[in-house]
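The values are calculated or read from the model by the stated rules, or taken from the named source; none is laboratory data. Here the structure is a predicted model, which means the values were calculated and not measured. As a convention, Cβ positions derive from the backbone with ideal geometry for all residues, glycine included, and neighbour counts pool all protein chains shown. When the accessible area is computed, the model is the full protein with side chains, heavy atoms only, and any ligands, DNA or RNA have been set aside. Shrake-Rupley method; radii C 1.70, N 1.55, O 1.52, S 1.80 Å.
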Amino acid sequence: MMVPSQRDAYKYALSMELRKDGFRFAFLSAESKEVVFYKSVNFDGFDEESLMELLSEPYFKYTFSSVSLSVSTNRMTLVPEAIFNNTTPKAIFELNHTNPIDNLDYSRLPELGLVTIYEIPLWIKSIFVKQFLRIKIVHHSTVILKGVFGQPTYKAKAHIYKEKELFYLILTDKNKLNYFNLFESSEIADLIYYYLFVLEQKEINSKDMPLTVYGLESDHPAISEMNKLLADPIRMYYKEEEENKFILINQLLCV
């Protein structure tokens, strides 16, 4: 993979992903959505100086066809658009999260009639907005739902997007969202417990709802651990080389 030249940058989308444990970005063909360059930087936390250093590479100053950033935060909430339109984001957010609240933003999912309200520290948002004037910033949950509903969802399915310290659980059926939640845990045993508990509460047999896992490469140790704890093998999304680029690729559905 090679970094596109500054002259050809307009042919590509810059897609970035910021999490507590790392920063990833990719240059994707605006036409084919193919990843032409990818880089991942892992860390245990970041501050303003380290984030600015990551963005100091010359190619971040190129003029791309689009620029987007997805942020992963555990302080978020998903609400129907009708509720969102009749009150304030802060009032809704305070029903689920305690103060202090450090700068709220939101992303709409008009095709589902939903809105994601999430916390993003202002200093993080300011760094990216100053660096990329045309940037589109969204929350991971928005991208995940876009990606899930960008594939066939008529038949009942369960979807898990796994990060290091949290995971999203989504249930879909007949092209509708039947369940969505974010769980904070790094343990695979917890993931399986919550997954099976939700199915039990909804009176769903796991054999009737195949599980697809996103965000991990097929040889990740967590995959084999999940399969040991489940009666039926999980399914993987995308080609093997694209498994951990789910967010970066599907972010293009948000711009």
Under the condition of being open to solvent by less than 20 Å² (accessible area, probe 1.4 Å) and either within 25 Å of GLU163 (Cα to Cα) or of a type in the set (Val, Ile, Thr) (or both), which residue from the range 1-18 is nearest to the chain's Cα centre (by Cα)? GLU17
Considering residues that are of a type in the set (A, V, I, L, M, F, W, C), in contact with a Ser or Thr (Cβ under 9 Å, 6 or more places away or on another chain) and either surrounded by 14 or more Cβ atoms within 10 Å (Cβ to Cβ) or at pLDDT 95 or above (or both), the number found within the range 65-95 is 7
The condition of being without any contact (Cβ under 8 Å) to a residue 60 or more places away in the chain and buried (at least 16 other Cβ atoms within 10 Å of the Cβ) holds, among PHE37, PHE23, PHE43, only for PHE23
State yes or no: is ALA189 more than 29 Å from ALA13 (Cα to Cα) and at pLDDT below 90? no
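Okay, residues lined up against (1) touching a strand residue (DSSP E or B) at 6+ places or on another chain (Cβ under 8 Å); (2) in the same structural domain as ASN227 (by the TED database); (3) small (Gly, Ala, Ser):
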{"site": "PRO89", "(1), (2), (3)": "yes, no, no"}
{"site": "HIS97", "(1), (2), (3)": "yes, no, no"}
{"site": "PRO121", "(1), (2), (3)": "no, no, no"}
{"site": "SER141", "(1), (2), (3)": "yes, no, yes"}
{"site": "LEU145", "(1), (2), (3)": "yes, no, no"}
{"site": "LYS157", "(1), (2), (3)": "yes, yes, no"}
Members of the range 125-148 found to be under 17 Å from the mean Cα position of the chain (by Cα) and crowded, with 19+ Cβ neighbours inside 10 Å, listed by number: ILE137, VAL138, HIS139, HIS140, SER141, THR142, VAL143, ILE144, LEU145, LYS146, GLY147, VAL148
Where the second residue is of a type outside the set (A, V, I, L, M) and the first is within 14 Å of VAL255 (Cα to Cα) and lies in the range 98-113, which pairs have Cβ atoms under 6 Å and are six or more apart or on separate chains? SER107/THR116; SER107/HIS139; SER107/THR142
Can you confirm whether LEU191 is open to solvent by less than 10 Å² (accessible area, probe 1.4 Å) and either without any contact (Cβ under 8 Å) to a residue 40 or more places away in the chain or out of contact with any Lys or Arg (no Cβ under 7 Å at 6 or more places or on another chain) (or both)? yes
